[in-house]
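So the structure is just underneath, and the comments pick up after that.
The values are calculated or read from the model by the stated rules, or taken from the named source; none is laboratory data. None of these values were measured; they are calculated from a predicted model. Neighbour counts run over all protein chains shown; Cβ positions are idealised from the backbone, glycine included.
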Amino acid sequence: MTTAQIRETPLSSAHRRAGARMVDFAGWSMPVTYKSIITEHMAVRKGVGLFDVSHMGEFVVKGAGAHAFVQYMIANDVNKLSEPNMALYTQFVMPDGGTVDDLIVYRRENDFLLVVNASNVEQDWNWLVGHINRFNDVSLENISEKTALIALQGPEAHSVLSAVVGDWIEKIPSFCYGQGIAEGVKIGFGRTGYTGEDGFEIFVDPDSADKLWSVLLAHGEHLGIEPCGLGARDTLRLEAALPLYGHELDDVTSPLESGLGWSVKLDKGEFVGQQALLKQKESGLSKVCVCLQVEGKALPRHGYPVLKDSVKIGSVSSGSQGIFVGYPIAMAFVPPQYATIGEKLAVEIRGAAIGATVVKRPFYKRK
Amino acid sequence: MTGAEGSKVLSYPDELKYTKTHEYIRVENGNQAYVGVTAFAAEQLGDVTYVELSEVGKKLKKADKFGVIESVKSVSDLFMPVSAEIIAINDRLNSEPELVNADCYGDGWLVKVKLESSSELNDTLSADSYRAFVVE
């Protein structure tokens, strides 16, 4: 960020009313927790939780050249969005294979909506602008300031949205987009999320965000809905082994190394970063991201060394208590020869080598 | 405890002594005392998941590290408020680390100690001084 000023989302007064503990994150004042991370985590696994993710960035790409431009900028295949109101997960990749950001692309009726990480809005914007001149008839607009984003997540998320918007939302498939009215408030939403649960990410005008937040909480009350902060958002995404930029992805880590090969379509036609990723695939990866189940109770954390036979072979990218699964978990980068399921490794925690086993990704998968 | 505007009201009992590293010490029967973390520390840590403590019999000087407390979000060292020997540790925390959040001054105590001398207690903070320190 070039500005030192801490920004507030349209929901900041709602957070203060609810007694949230606020932290500065990526230039924003955000709730880290309301009651407790464990309470919020379990609410999302068993019922429903509500997150303010208005800090995230939104860009709209329009024009006859929009499709070709988006296709050139992302590693996934935009042609998978065979009709409007579909979405996909992807990354912007650098010519050397490093990752600019990861994002969700929505194909809407007349445009593409790109939802990017808060910490990367400026970098992403410059990245897109730097490549746009190759294409004719494309316009790019940053609508982040005009967009509040609320995530409704958990097995009961559909019940809440259904009660507010109408039961037709039940038919919206995963990774699809819809538009509706929630008690007079116009919303757009994707059946997407960052928790490993079913759920929705709801776009709303900032002026209506507070009202929508209250309406969703009220309709979720009988289901035990909890407002959830960034703390639970992080523990939930880690249990689901979803990458976090700055941890599992960064400018020296490719999506292939991060274990996101399923979302990289090397044969789709030319895109930025394609040659580097092809080369990585041909010559083999120097590091890969693994999921570790860690013994004992001490928690592995970002940056802790990963050991094989007392020798450092890698490091933890994210670690925490697996709140739902019930044991300490970590994602870590190691050379590929140590990435086999069942491989016995160790994490160095305060000088001690604590046993850790490579396990299947993710730690938690919803039924 | 939640105030009218949702702000948390944290308590600092008058009969305890406090440190700037957020431990408290409750002296009982002359030279024995319980040591734990303050309500402010418990609030800042959030959900405590694990407490690692020095063993019984360990003699520690004032400000020596006597353990580590981990929450979902962070890990912090624990420091002795005064020079003392550990004579008991709170075994319940093995299976119920959340007691630190629920009742830091009661069932969530960390270690019981025998003081080397009571004179070092003069260097600790009173409840009022500690409260002033954490609101700063």
message: For the range A:49-59, check the following and say yes or no: at least one residue is of a type in the set (Asp, Glu) and within 14 Å of another protein chain (Cβ to nearest Cβ).
response: no
message: Please go through the range B:107-136 and give me each residue that is loosely packed, with under 12 Cβ neighbours inside 10 Å, in a loop (DSSP other than H, G, I, E, B) and of a type in the set (Gly, Ala, Ser), ordered by number.
response: B:Ser117
- prompt: So is A:His67 more than 22 Å from the chain's Cα centre (by Cα) and either assigned by TED's automatic domain parsing to the domain that holds A:Thr195 or not aliphatic (A, V, I, L, M) (or both) or not?
  reply: yes
- request: Please work out which one of (1) in contact with a strand residue (DSSP E or B) (Cβ under 9 Å, 6 or more places away or on another chain); (2) of a type outside the set (Ser, Thr, Tyr); (3) surrounded by fewer than 19 Cβ atoms within 10 Å (Cβ to Cβ); (4) under 24 Å from A:Lys281 (Cα atoms) is the condition A:Asp111 fails and give its number.
  value: (4)
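Residue-by-condition table, conditions (1) away from every other protein chain (no Cβ under 14 Å); (2) β-branched (Val, Ile, Thr); (3) out of contact with any strand residue (DSSP E or B) (no Cβ under 9 Å at 6 or more places or on another chain):
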{"residue": "A:Ile6", "(1), (2), (3)": "yes, yes, no"}
{"residue": "A:Gly27", "(1), (2), (3)": "yes, no, no"}
{"residue": "A:Ser36", "(1), (2), (3)": "no, no, yes"}
{"residue": "A:Phe92", "(1), (2), (3)": "yes, no, no"}
{"residue": "A:Pro95", "(1), (2), (3)": "yes, no, yes"}
{"residue": "A:Leu103", "(1), (2), (3)": "yes, no, no"}
{"residue": "A:Asn117", "(1), (2), (3)": "yes, no, no"}
- prompt: Looking at this structure, is B:Glu96 more than 10 Å from chain A (Cβ to nearest Cβ), surrounded by fewer than 21 Cβ atoms within 10 Å (Cβ to Cβ) and closer than 19 Å to A:Ile323 by Cα?
  reply: yes
task: Working carefully through the options A:Leu256, A:Leu266, A:Leu249, A:Leu242, find the one that is of a type outside the set (Val, Ile, Thr) and within 21 Å of A:Val44 (Cα to Cα).
output: A:Leu242
- line: Screening A:Ala87, A:Ala66 for residues that are touching a Phe, Trp or Tyr at 6+ places or on another chain (Cβ under 6 Å) and under 19 Å from A:Pro173 (Cα atoms) leaves only A:Ala87
Set B:Val68, B:Val35: member being outside any loop (DSSP other than H, G, I, E, B), within 27 Å of A:Ala352 (Cβ to Cβ), within 14 Å of the chain's Cα centre (by Cα) and at the interface with chain A (Cβ under 10 Å from one of its Cβ atoms): B:Val68
Sole exception among (1) part of a loop (DSSP other than H, G, I, E, B); (2) closer than 28 Å to A:His131 by Cα; (3) under 25 Å from the mean Cα position of the chain (by Cα) for A:Trp262, by number: (1)
- request: Filter the range A:310-335 for residues that are among the aliphatic types (A, V, I, L, M) and under 19 Å from the mean Cα position of the chain (by Cα) and give the result.
  value: A:Val316, A:Ile323, A:Ile329, A:Ala330, A:Met331, A:Ala332
- prompt: Scanning for something assigned to a strand (DSSP E or B), of a type in the set (Phe, Trp, Tyr) and closer than 18 Å to A:Val44 by Cβ, does the range A:172-189 turn up at least one residue?
  reply: yes
message: Which numbered condition in (1) part of a strand (DSSP E or B); (2) crowded, with 16+ Cβ neighbours inside 10 Å; (3) in contact with an Asp or Glu (Cβ under 9 Å, 6 or more places away or on another chain) is the only one that A:Ile313 fails?
response: (3)
- request: Test A:Glu248 against the criterion of being out of contact with any helix residue (DSSP H, G or I) (no Cβ under 9 Å at 6 or more places or on another chain), touching a residue at least 60 places away in the same chain (Cβ under 8 Å) and surrounded by 19 or more Cβ atoms within 10 Å (Cβ to Cβ), and give yes or no.
  value: yes
- request: Report whether or not A:Lys287 is surrounded by fewer than 24 Cβ atoms within 10 Å (Cβ to Cβ), of a type outside the set (Asp, Glu) and over 26 Å from A:Ala26 (Cβ atoms).
  value: no
- prompt: Restricting the search to the range A:283-309, which residues are away from every other protein chain (no Cβ under 14 Å) and more than 24 Å from the chain's Cα centre (by Cα)?
  reply: A:Ser283, A:Gly284, A:Ser286, A:Pro305, A:Val306, A:Leu307, A:Lys308, A:Asp309
message: Looking at the range A:183-192, can you tell me whether even one residue there is under 24 Å from A:Leu244 (Cα atoms), surrounded by fewer than 21 Cβ atoms within 10 Å (Cβ to Cβ) and of a type in the set (Phe, Trp, Tyr)?
response: no
statement: Matching residues in the range A:43-72 (crowded, with 18+ Cβ neighbours inside 10 Å, closer than 30 Å to A:Val325 by Cβ and out of contact with any Cys (no Cβ under 8 Å at 6 or more places or on another chain)) number 8
message: Being of a type outside the set (Val, Ile, Thr), without any contact (Cβ under 8 Å) to a residue 24 or more places away in the chain, more than 19 Å from B:Leu10 (Cβ to Cβ) and crowded, with 17+ Cβ neighbours inside 10 Å: is that true of A:Ser12 here?
response: yes
